[in-house]
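A.B. asks: To start, I am sharing the structure in question, which I have written as structure tokens.
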């Protein structure tokens, strides 16, 4: 048993590398173009998200929140979210709500404490999974076009799109900074289990030290990008109605979009009927 746990711990530590984290982040941002969710119209996804991202905060019924949660779990599965994102989601939900139940038990809480904490957990989990579903299924251009169609300022929608597009450049610059630190430093031995722990701590320290040069180098590259956009007439395109109309012409609500909304509406109607017969 002890050897099995040790081997499992070593396998986990082996996978916690910078390359693994980078691949997971890029996969979640750019590797889901062939999913069911990614094929939907961005306007439909944004409208769907406005419901499941806002309504749960104003609801207090466990059945309603459980119904919303089950639906967004299915959509998250369909979006094929990266494993790292789901792991961070589980850690985030427990860090926000799960520990409250453990603390309440130490201070005289009982089984009645479960219901209020369950309501809070379902709210946080539903909104988080809805966000993961939508932003995993939208590439930068489609997200920007969807926001622009709803009347968001063009600069705001472009800024969000640019934040997506700069992600690969940011990860590449981050990798270069880490390599420069590794060339100038000596990493601890990682042959034993304790050595792997020390190596993980060393990696975290290097990441912390890399933050300032990463931001500085990225700012330099961003300035070059902005100058290139200005030379291509970005300011004129941002205010020209013909350019906006041409950019939004690719948006089209299809049968799959209507089916997605119909299934979501039908499911919530069933949840409402169950609530009325309780």
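A.B. asks: Take every Cα-Cα distance within the range 144-258, group them into 5 Å bins from 0 onward, and report for each bin the whole-number percent of pairs it holds.
C.D. replies: All Cα pairs, binned at 5 Å, distribute as 2, 9, 13, 14, 12, 11, 9, 8, 7, 7, 5, 2, 0 percent.
A.B. asks: Under a crude label model (7 Å from the Cα following the beta-carbon direction), how far is residue 114 from residue 192 in nanometres?
C.D. replies: Result for the modelled spin labels: 4.5 nm.
A.B. asks: Same structure, new question: Sort 220-227, 124-131 by packing, meaning the average of other beta carbons within 10 Å per residue, with the highest value first.
C.D. replies: With the highest mean Cβ count within 10 Å placed first, the list reads 124-131, 220-227.
Since every read-out is calculated from the coordinates, none of them should be taken as a lab result. Just so it is clear, the model here is predicted, and its values are computed rather than measured. Every residue, glycine as well, gets a Cβ built from its backbone with ideal geometry; the counts of neighbours run over all protein chains shown.
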